[in-house]
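Below you'll find the structure, written out as structure tokens, and then a few comments.
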Amino acid sequence: MTLTSVEPFILQAEAEGKSLGEIMIEHEMEIQEVSREEIMSAMGKIWKVMVSSIKNGIKIEQRSPSGMSGGDAVILLKNRKSKSITGSTIIKVVSRAIGVGEFNSSMGTIVASPTAGSSGVVPAVVYTVAEKLKASEETIIKGLFASSLIGLVCDAVASTSGSEHGCQAEIGVSAAMAAAAAVEIAGGTCKQAVNAAALMLKNSLGLACDPIAGLVEVPCIKRNGIMAASALVAADMSLAGIESVVPFDDVEIAMDEIGRMMPCEIKETSEGGLANTKTGRGYKNWLRSSGANQLQDASDD
Amino acid sequence: MADDSAFRILGPIMTGPSSSHTAGAVRIGRTARLLYGKEPKKVTVFFHGSFAETWKGHGSDKAVIGGLLGFKTFDERIKIADELAKKAEIDIQFKRIRLGANYHPNSIKIVIEDPEQPTEIIAESVGGGDIVIREILGFATEITGNEVTLILRHKDFIGTLSKITGLISEYNLNIVSLCSKDIPREDIAMTTIEIEEQAPAELEAKLAKIKGMDLVRILPKLTEGEEMF
């Protein structure tokens, strides 16, 4: 079965007075036919890998083999006290999301959430909100479950693949998931969590997937950071009572429509956008020739 | 996994950065290792198409080495697989190859050099970490690893196939697909059989005893070890 609407979940949550995370845990128990304990411990394993990807990521100082990324989380954390305008919560969430992105591109072990290229946003947002609100591990796990409904519905109605629907479907969805998780952890209602996701996804529509040289580095890594900050803003707006005029189910349909309209040059093919700039092409040519030149031809034997 | 499971959207746990150029490459290396059956000592890896150009940015070399060491896609040691192989004194060379237009742009050929047991595969990384094994020891195959796969090379005797399927049914295993091809004039055939569940080790031993059988391997499902429950 695929989940094509958030509406039944909102109705159920309201009728039973439960949060989105709670409803999703019950849903998972039902489809897996296992106990609540097993469900919680399975998500606990996912969370453990997420935490380890943050801790490893924010320590990275080395540049990647392409030279395009690496060390930016460290720079941001180091300079945050003297030079920050936004303050420590935003700086922390951005550096953590960038850290996971850098860890992924340096062959670290991450959780695709929903993809490897967008794997920084959900862990960074959940970690930062939980730290700030001193949330328990159980609340964190509920937050992750809350985020899953958003991702599943987007995946069923539109896509969570940059090659099919552009980066809106990867980072946009990950940020919408993160916004819902943040509201859940802060104690918000199911409606508020889904509303935060709607606010976030609306503001990611149309994002191109145009990675330089086809590598998961530029613009992917820093985009994880900036979208993690936006997810916190969307969660705060929703918790304050601001409603998205367009409900989530309509936003995901809009994302699907826009995704279908997007040209293939900006769907992970690296033929348009940033990948096709002078800088982008320069990196691509240099990487391809240096990669190919390092290999001896089989026919030279 | 169920379409509406949270773990489909929060997961899999994997080693970055790319499902096709990293996770797929790990799986191709691991398949070669499983086919060979033990730790190889001397290996040549040939990158075709996109792998020959972008391997460095995606860590495809370390990914293949990790696979050859028997690692799964989420193993944290993939990052240092090259160092681990050096320590284990495994000689792994990387070369560029042009396999031709009939091969998928993301293809890898792996040759494990061992005069007693030469092993050679050509495999494609087709996206999302999925792979297809196109050739084993020169025989055309179409193995995806979605199921447990028996790989059997044997003399082309009449009745061999019925002996093989007879043994499989003895263990109450359901056959999903079966493909058998011989090389004309060479009197040798390759049979690949997909079954639903992991086969007991005894089956492997019994298959090996069939007259004319010279290679028996049972490849587990590609996603073995990734189950959440």
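The values are calculated or read from the model by the stated rules, or taken from the named source; none is laboratory data. Computed from a predicted model, the values in this text were never measured in an experiment. As a convention, Cβ positions derive from the backbone with ideal geometry for all residues, glycine included, and neighbour counts pool all protein chains shown. Protein only, heavy atoms only, side chains kept; ligands, DNA and RNA dropped before computing areas. Shrake-Rupley method; radii C 1.70, N 1.55, O 1.52, S 1.80 Å.
Which one of these is within 14 Å of chain B (Cβ to nearest Cβ) and in contact with a Phe, Trp or Tyr (Cβ under 8 Å, 6 or more places away or on another chain): A:Gly21, A:Gly101, A:Gly70?
Working: A:Gly101 fails: in contact with a Phe, Trp or Tyr (Cβ under 8 Å, 6 or more places away or on another chain); A:Gly70 fails: in contact with a Phe, Trp or Tyr (Cβ under 8 Å, 6 or more places away or on another chain).
Only one candidate passes the filter, namely A:Gly21.
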Practice problem: Within segment A:270-301, track down each residue that is crowded, with 17+ Cβ neighbours inside 10 Å and among the aromatic types (Phe, Trp, Tyr). | Solution: A:Tyr283
Quiz prompt | Matching residues in segment A:110-119 - criterion: being open to solvent by 10 Å² or more (accessible area, probe 1.4 Å) and hydroxyl-bearing (Ser, Thr, Tyr) | solution = A:Thr115
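Tell me which residues, restricted to segment B:167-201, are among the hydrophobic types (A, V, I, L, M, F, W, C) and touching a Cys at 6+ places or on another chain (Cβ under 9 Å). If you could, list the steps in order and put the result at the bottom.
Start the filter on segment B:167-201 by keeping residues that are among the hydrophobic types (A, V, I, L, M, F, W, C), which leaves B:167-168, B:173, B:175-176, B:178-179, B:183, B:188-190, B:193, B:195, B:199, B:201.
Matches in segment B:167-201: B:Met190, B:Ile193.
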Exercise. Give segment B:149-163 a look and list any residue that's part of a loop (DSSP other than H, G, I, E, B) and either touching a helix residue (DSSP H, G or I) at 6+ places or on another chain (Cβ under 6 Å) or exposed (fewer than 15 other Cβ atoms within 10 Å of the Cβ) (or both), or say none.
Key: B:Phe157, B:Ile158, B:Gly159
Self-check item: Identity of the residue in segment B:107-130, of a type outside the set (D, E, K, R) and surrounded by fewer than 18 Cβ atoms within 10 Å (Cβ to Cβ), that ends up farthest from the other protein chains (Cβ to nearest Cβ)
Solution: B:Gln117
Exercise. Only residues in segment B:168-181 that are under 17 Å from B:Glu202 (Cα atoms) count as the first member; pair them with residues that are aliphatic (A, V, I, L, M) and assigned to a loop (DSSP other than H, G, I, E, B), Cβ under 9 angstrom, at least 6 apart or cross-chain, and list the lot.
Key: B:Ile168/B:Ala199; B:Tyr171/B:Ala199; B:Leu173/B:Ala199
Quiz prompt | Residue pairs meeting the criteria (Cβ under 6 Å; at least 6 apart or on separate chains; first of a type in the set (Asp, Glu), in segment B:35-61; second modelled with pLDDT of 95 or more) | solution = B:Asp61/B:Phe94
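For the condition more than 20 Å from B:Ser19 (Cβ to Cβ), within 19 Å of the chain's Cα centre (by Cα), of a type in the set (A, V, I, L, M) and not in a helix (DSSP H, G or I), what is the one hit in B:Val126, B:Val111?
On the way: B:Val126 fails: more than 20 Å from B:Ser19 (Cβ to Cβ).
That would be B:Val111, the only listed residue that is more than 20 Å from B:Ser19 (Cβ to Cβ), within 19 Å of the chain's Cα centre (by Cα), of a type in the set (A, V, I, L, M) and not in a helix (DSSP H, G or I).
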Self-check item: Flag for A:Ser289 being of a type outside the set (Lys, Arg), modelled with pLDDT under 95 and over 30 Å from A:Val93 (Cα atoms)
Solution: yes
Quiz item: Considering segment A:31-41 alone, what residues qualify as being assigned to a helix (DSSP H, G or I), within 10 Å of chain B (Cβ to nearest Cβ) and over 12 Å from A:Lys142 (Cα atoms)?
Solution: A:Ile31, A:Gln32, A:Glu38
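Which residues, taken from segment A:133-164, are open to solvent by less than 10 Å² (accessible area, probe 1.4 Å) and not polar (S, T, N, Q)?
Just the residues of segment A:133-164 that are open to solvent by less than 10 Å² (accessible area, probe 1.4 Å), to begin with: A:141, A:143-154, A:159, A:162.
The answer is A:Ile141, A:Gly143, A:Leu144, A:Phe145, A:Ala146, A:Leu149, A:Ile150, A:Gly151, A:Leu152, A:Val153, A:Cys154, A:Gly162.
Limited to segment A:120-132, what total is found for residues that are small (Gly, Ala, Ser), crowded, with 24+ Cβ neighbours inside 10 Å and part of a helix (DSSP H, G or I)? Can you show your working first?
Here is the first cut: in segment A:120-132, the residues small (Gly, Ala, Ser) are A:120, A:124, A:130.
Add one more test, that the residue is crowded, with 24+ Cβ neighbours inside 10 Å, and what stays is A:120, A:124.
Of the ones still in play, those that are also part of a helix (DSSP H, G or I) are A:124.
Of the residues in segment A:120-132, 1 are small (Gly, Ala, Ser), crowded, with 24+ Cβ neighbours inside 10 Å and part of a helix (DSSP H, G or I).
Could you tell me whether any residue of segment B:88-106 is more than 9 Å from chain A (Cβ to nearest Cβ) and hydroxyl-bearing (Ser, Thr, Tyr)? Lay out the reasoning, then the answer.
Pass one, segment B:88-106, residues more than 9 Å from chain A (Cβ to nearest Cβ): B:88-92, B:99-106.
If we keep only those that are hydroxyl-bearing (Ser, Thr, Tyr) as well, we get B:103.
Yes - at least one qualifying residue is present in segment B:88-106.
Yes/no matrix, rows are residues, columns are (1) over 11 Å from A:Gly259 (Cα atoms); (2) among the β-branched types (Val, Ile, Thr); (3) part of a helix (DSSP H, G or I):
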{"site": "A:Ser163", "(1), (2), (3)": "no, no, yes"}
{"site": "A:Ser174", "(1), (2), (3)": "yes, no, yes"}
{"site": "A:Ala179", "(1), (2), (3)": "yes, no, yes"}
{"site": "A:Val183", "(1), (2), (3)": "yes, yes, yes"}
{"site": "A:Lys191", "(1), (2), (3)": "yes, no, yes"}
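Any chance you could count how many residues in segment B:42-58 are in contact with a Phe, Trp or Tyr (Cβ under 7 Å, 6 or more places away or on another chain) and either aliphatic (A, V, I, L, M) or at the interface with chain A (Cβ under 8 Å from one of its Cβ atoms) (or both)? Even if it seems obvious, please write down each step before you answer.
Keep residues of segment B:42-58 that are in contact with a Phe, Trp or Tyr (Cβ under 7 Å, 6 or more places away or on another chain), which gives B:45, B:47-48, B:55.
From the residues that got through so far, the ones that are either aliphatic (A, V, I, L, M) or at the interface with chain A (Cβ under 8 Å from one of its Cβ atoms) (or both) too are B:45, B:47, B:55.
Result for segment B:42-58: 3.
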Quiz item: Do the conditions hold for A:Val126, that is, is it within 14 Å of another protein chain (Cβ to nearest Cβ), more than 16 Å from the chain's Cα centre (by Cα) and in contact (Cβ under 8 Å) with a residue 40 or more places away in the chain?
Solution: no
